[in-house]
Amino acid sequence: MMRQTVHDIMTTDVATVRVEATFKEIAQVLTERRVSGVPVVDADGKVVGIVSEADLLPKEEFKSAIDERPRLTRRAAKVARAKANGDTAGELMSTPAVTIKADATVAEAARSLAEHGVKRLPVVRAGRLVGIVSRADVLKVFLKPDADIGRLVMDEVIKRCLWENPEYVTVEVKEGIVTLGGTLQTKSLIPIAVRLTAAIDGVVDVVDELNYVEDDTTPEYQRYRR
């Protein structure tokens, strides 16, 4: 079944900085490009880290001789103090960078964003930066028109995967929620239809109203088939 990949939704015009970029150069890139963070790349275009607004802020926070943030743990305070003393991207960046491959699915990107608690992922191919994918990019998948989703469900799930007659199945989509109705040949196909439908990009939820002709899950049916 065709699914969108990170390559399909990523932004290719990516702001980056080199490892040796200065504090002011980083701040300028973030301000001019109106982004909160950028990948740090080496001479070969490989991602070695991420530098963000949060990495720059300690420079201002620790100007006072007194640390007024007792809530910080000893390790967190040490990291923040090191950031405050950093002058280049190599000293300020968070590393290793969490990246994702261009051929990964959008679902994999969403999972990685959530698991690592980050707003964006540098996209790499053969280790080199080719784009960036953000939470907003992933959410755009759910803007797919209902009519397009309906056609995909009917063509990819009902016809191609299940080999069912579309005359006996109904697919209704409203606000990304797919309602499957009608009749499938066997009962065991119902959860498969629901699962495959849910996997289609843009589907928010699946409502199962399917019926079946034969209950192929009973012991009697299994003995009969033998």
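Can you name every residue in segment 139-180 that is in contact with a helix residue (DSSP H, G or I) (Cβ under 8 Å, 6 or more places away or on another chain) and among the β-branched types (Val, Ile, Thr)?
Val141, Val153, Val157, Ile158, Val169, Val171, Val173, Val178
Hey, could you check segment 171-185 for residues that are open to solvent by less than 20 Å² (accessible area, probe 1.4 Å) and in contact with a Ser or Thr (Cβ under 9 Å, 6 or more places away or on another chain) and say which is farthest from Asp215 (Cα to Cα)?
Val178
Is it fair to say Gly202 is in contact (Cβ under 8 Å) with a residue 60 or more places away in the chain, of a type outside the set (Ser, Thr, Tyr) and exposed (fewer than 14 other Cβ atoms within 10 Å of the Cβ)?
Working: in contact (Cβ under 8 Å) with a residue 60 or more places away in the chain: yes; of a type outside the set (Ser, Thr, Tyr): yes; exposed (fewer than 14 other Cβ atoms within 10 Å of the Cβ): no.
For Gly202, the condition - in contact (Cβ under 8 Å) with a residue 60 or more places away in the chain, of a type outside the set (Ser, Thr, Tyr) and exposed (fewer than 14 other Cβ atoms within 10 Å of the Cβ) - is not met.
Going through segment 107-153 one residue at a time, which ones are under 9 Å from the mean Cα position of the chain (by Cα) and closer than 14 Å to Val204 by Cβ?
Across segment 107-153, the qualifying residues are Ala107, Ala110, Val138, Leu139.
Take segment 125-170 and flag every residue that is hydroxyl-bearing (Ser, Thr, Tyr) and open to solvent by 40 Å² or more (accessible area, probe 1.4 Å).
Tyr168, Thr170
The values are calculated or read from the model by the stated rules, or taken from the named source; none is laboratory data. Keep in mind that what you see is a predicted model, and the values were worked out from it rather than measured. Please note: Cβ atoms are built from the backbone with ideal geometry, for glycine as well, and neighbour counts cover all protein chains shown. Keep in mind that these areas ignore ligands, DNA and RNA; they rest on the heavy atoms of the full protein, side chains included. Shrake-Rupley method; radii C 1.70, N 1.55, O 1.52, S 1.80 Å.
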